[in-house]
Every structure is written in structure tokens, then in C-alpha cells.
Amino acid sequence: MRRLLTLLAATVSLASGAAVAQAQTAYPRGDYAKPEAWLCWPGKAGDACAIDMTTTVVKADGSMTVEPFKADPAPAIDCFYVYPTVSNDPGVVSDMTANAEELNVIKQQFARFAAKCRVFAPLYRQFTLTALRAGVAGTPLPGSTDPAVRTVGYNDVLDAWNHYLATQNNGRGVVLIGHSQGSGVLQRLIAAEIDGKPVQSKLVSALILGSNLPVEAGKDTGAFKSIPLCRAEGQTGCAISYVTFRDTAPPPANSRFGRVMGPPGMQAACTNPAALAGGAAPLHAYLSNGAEIASSAAPPPAWVKGQPAPKTPFVSVPGLITGQCVSKNGFAYLEAKVNADPADPRTDAIAGDVTGPGGAVAADWGLHLIDANIAMGDLVAVVGRQAKAWTAKK
């Protein structure tokens with residue numbers, strides 16, 4: 001598992017712009033004028049974001065209510081999403097076909113933002129889970145060290161971004177959203193194409209989730225020179241970034257999440273979307289109600305003791321989880337506390353840990369699988385407030 005995390009960290013690092021040698025393989029540029037190159041695109045037939053997001057709200061007393069979901073029919077801003085490492089395609093680089101894993105991660109991490117923005121999500125040829133697992137097993141796939149592998153995904157996202165700007169933006173504000181490998185790609189894109197450039201005026205915010213965004217110690221800028229961390233309600237042109245660990249299982253020494261492996265004086269950013277100014281606050285989670293988070297995750301708990309599971313795809317558990325940004329032992333991260341109460345009928349546990357053979361928890365991953373889910377309601381609310389503030393300024 002340690003080797004897998006090292007490989008994942010290397011993948012994210014490469015996505016965010018490490019220097020590469022001469023490529024061995026030529027990958028043709030993607031064609032993002034084709035609808036099939038997009039998972040989510042307004043009006044597209046088979047739009048992966050046009051799905052059921054209904055939620056069952058489970059209160060501490062065990063009572064349940066159904067919360068419907070409705071996309072905004074005329075949102076003022078756009079959201080552009082780059083998904084994490086999910087592909088089970090057989091090669092080192094994924095193809096451009098949407099399989100169950102790409103569709104599921106859209107459901108888990110992005111489709112809910114349609115409540116506040118038009119949603120755009122390109123397919124891209126990412127470094128696959130298949131290649132990561134082969135590396136862990138000590139049998140790396142042929143071509144896995146090819147420098148072209150380190151640029152094809154970024155080039156795809158850059159082409160998709162430029163196609164979106166040229167054909168859809170029309171001066172609208174846009175939120176960039178990514179997780180893990182997707183966040184690494186966005187870090188590189190923002191630094192090269194947006195930070196300090198005229199297009200920065202369109203940036204409502206950047207949600208860099210599940211990745212270490214470098215900032216100078218004690219400051220709100222670093223890797224992004226003119227895009228600070230979001231610290232106030234309605235602040236725009238800023239970034240939100242965090243990685244998540246349980247309060248009962250902080251990052252072990254071998255974890256790559258929560259610290260920057262780079263120049264001295266830099267640390268990983270942490271912004272709590274439920275309390276941008278700092279401090280602890282309840283997290284508005286939207287947790288999966290099925291075994292869909294990831295193949296390496298444990299199944300969800302029984303939401304109410306002795307009661308059948310709700311039928312909706314998501315569950316919300318108000319008051320169960322509290323989050324705060326902490327700095328401990330050289331790590332900066334969003335610390336999630338489950339407010340267990342054995343006296344009430346609601347669950348005292350949440351799923352989201354990476355598990356290995358025999359169900360052993362990989363502590364160095366933390367709650368990486370649910371970085372987005374655990375504060376999804378807060379992230380959507382922040383984007384809604386930012387949309388109003390950005391529109392008012394314009």
C-alpha cells in the first residue's frame with residue numbers, strides 16, 4: 001500500500017507539471033468538438049450529470065425524510081471538473097470511453113454542482129488504476145515510464161478547457177473542480193494558463209480537493225501567485241483545498257497527503273469549506289448509499305440500527321460529522337470527527353477508508369475516497385454564494 005501511495009503521489013506530481021524527458025510514444029490530440037469526448041455538457045444526450053441525486057436525510061433520532069434534487073435551469077456561472085484516478089482500462093493510459101467508474105465518480109463528486117452552475121466534465125486519457133496496481137505488484141506495465149504518459153492527460157484537459165472557453169464561456173464565471181489526479185492536472189493548468197493571465201478574471205474559484213496545494217507557511221498563496229485561499233464568505237477568485245483524515249487516525253509518517261514534498265517553507269493548504277475563516281463546524285456530507293465509492297472502500301454502515309437501508313442513492317447525516325483544519329506533526333489537513341452517540345439509533349460510523357486485503361485500513365490514505373462527499377453540501381453552498389458575489393461584481 002505504501003508503494004501504491006508513492007505511485008499515486010508521483011502521478012499527481014507529474015500531472016501538476018514535473019519536467020519530463022523525450023517522449024517514446026506520440027499521442028494524438030483529443031477532439032473536444034465531439035460530444036462523446038464529454039461526460040457532462042449542457043444539453044448533451046446521455047449527459048452523465050443528468051442523474052438521480054435524491055438524498056435521504058437521517059436525523060439522530062432515526063427519523064428519515066427524502067430530500068429531492070433539482071438542477072438550476074438557468075445558472076449564472078459554470079463549473080468545469082477533472083476527475084481523479086478511477087480508470088480500470090487495461091493499459092497505462094485510459095481510453096476516451098466512459099465506463100462505470102467514470103460515470104460513478106461524476107455521480108459522487110460533481111453532478112450535485114448542477115444546483116449552482118452549468119456543468120462541464122471532459123473525458124481525458126489519464127494514468128490508470130490498472131497501471132498503479134501493476135506497479136504495486138512489482139510488474140509495471142510496458143510504457144508506464146514513458147514520459148508521454150505524463151503529459152497526455154494534461155494536454156487533453158488543456159484542449160477541453162480551451163474548447164470550452166472558445167465555444168461556451170462567453171464571459172461567464174467558472175469554478176474549476178478537481179480531485180486527486182484531477183487536482184494535479186488543474187494545479188498545472190491554473191499555474192500555466194490562468195494565474196496572472198487575462199482569463200483569471202473569469203475564475204470564480206478553484207476547488208483543489210484531495211491533493212497537496214503548496215502555499216507559503218503562514219500565507220494564502222504559493223503555487224498560485226495571485227490566487228489566494230478562500231477565507232471569507234462570498235470571496236471570489238480564490239482556492240479551496242484540503243485532504244481529509246479522521247481525528248482518530250491522523251496522517252502517519254509515511255503519508256504523502258497533507259504535506260508538500262518540495263522547497264522548504266512550503267506547506268499543504270487546508271481550507272474548511274464549512275468554516276472558511278477557520279475553526280470547527282458541522283460538515284454537510286452527502287454519503288453514498290451503496291458500495292459505489294470505490295472498489296477499495298468498505299460498504300456503508302446500517303444508517304439506522306435495525307432498520308432497512310434507504311432507497312435513495314445518497315444519505316445525509318446532519319450533525320454526525322464535524323470538520324476543522326489542523327496542523328500536526330508536519331501535516332495540514334481537514335480533521336473529521338464522527339460525533340458518535342451510542343444512545344441514539346443512528347449510525348456511529350461512516351465509510352470512506354481505503355481498505356486492502358482482509359479489510360485492513362490503509363491509514364496513510366485517510367478518507368481520500370470521500371474528500372468530496374464529506375463536505376459536498378458545504379462546497380455546493382460556497383459555490384452558490386460565490387456565484388452571487390461574482391455576478392454582482394460583474
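The single condition among (1) touching a Gly at 6+ places or on another chain (Cβ under 7 Å); (2) farther than 21 Å from ASP371 by Cβ that VAL215 does not meet is (2). If you filter region 309-334 down to residues that are among the β-branched types (Val, Ile, Thr) and not in a strand (DSSP E or B), you find that the one that is nearest to GLY218 (Cα to Cα) is VAL317. Specify the residue that is nearest to ILE240 (Cα to Cα); the eligible residues are those in region 316-327 that are of a type outside the set (S, T, N, Q) and over 19 Å from the mean Cα position of the chain (by Cα). For region 316-327, the residue satisfying everything is VAL326.
Here the condition is being touching an Asp or Glu at 6+ places or on another chain (Cβ under 7 Å) and among the aliphatic types (A, V, I, L, M); of ALA148, ALA115, ALA111, ALA134, it holds for ALA115 alone.
Output yes when any residue across region 206-215 is over 21 Å from VAL86 (Cα atoms) and not hydrophobic (A, V, I, L, M, F, W, C), and no when none is. Scanning region 206-215 turns up at least one residue that is over 21 Å from VAL86 (Cα atoms) and not hydrophobic (A, V, I, L, M, F, W, C). In the set ALA217, ALA274, ALA249, only one residue is among the aliphatic types (A, V, I, L, M) and farther than 30 Å from ASP61 by Cβ; that residue is ALA217. What are the residues in region 339-394 that are outside any loop (DSSP other than H, G, I, E, B), more than 18 Å from the chain's Cα centre (by Cα) and among the charged types (D, E, K, R), if any? Across region 339-394, the qualifying residues are ARG346, ARG385, LYS388, LYS393. Of the residues making up region 72-97, just one is within 18 Å of GLY43 (Cβ to Cβ), small (Gly, Ala, Ser) and either touching a His at 6+ places or on another chain (Cβ under 7 Å) or crowded, with 18+ Cβ neighbours inside 10 Å (or both), namely ALA76. Residue pairs whose Cβ atoms lie under 6 Å apart, separated by 6 or more positions or on different chains, with the first residue in region 127-155 and among the β-branched types (Val, Ile, Thr) and the second in a loop (DSSP other than H, G, I, E, B) and modelled with pLDDT under 90, are VAL152/TYR27.
In region 231-238 there is at least one residue matching the filter, namely being in contact with a Cys (Cβ under 9 Å, 6 or more places away or on another chain) and among the aliphatic types (A, V, I, L, M). Residues in region 218-235 that are under 26 Å from ARG172 (Cβ atoms) and surrounded by 21 or more Cβ atoms within 10 Å (Cβ to Cβ): ALA223, PHE224, ILE227, LEU229, CYS230. Which members of region 23-49 meet the condition of being out of contact with any Gly (no Cβ under 8 Å at 6 or more places or on another chain), aliphatic (A, V, I, L, M) and touching a residue at least 24 places away in the same chain (Cβ under 8 Å)? Across region 23-49, the qualifying residues are ALA23, ALA26, ALA33, LEU39, ALA48. Take the residues in region 154-197 that are hydroxyl-bearing (Ser, Thr, Tyr) and farther than 19 Å from PHE127 by Cα; name whichever of them is surrounded by the most Cβ atoms within 10 Å (Cβ to Cβ). Filtering first and then ranking leaves TYR164.
Looking at region 39-153, the strands (runs of 3 or more DSSP E) lying wholly inside it that each contain 1 or more residues that are over 20 Å from the mean Cα position of the chain (by Cα) and hydroxyl-bearing (Ser, Thr, Tyr) sit at 55-58, 64-67. One residue stands out in region 131-140 among those that are surrounded by fewer than 18 Cβ atoms within 10 Å (Cβ to Cβ) and modelled with pLDDT of 90 or more: the one that is nearest to PRO357 (Cα to Cα), namely THR139.
The values are calculated or read from the model by the stated rules, or taken from the named source; none is laboratory data. Since the structure is predicted, the reported quantities are computational estimates derived from the model, not experimental observations. For neighbour counting, all protein chains shown are included, and Cβ atoms are generated from backbone atoms with ideal geometry for every residue, glycine included.
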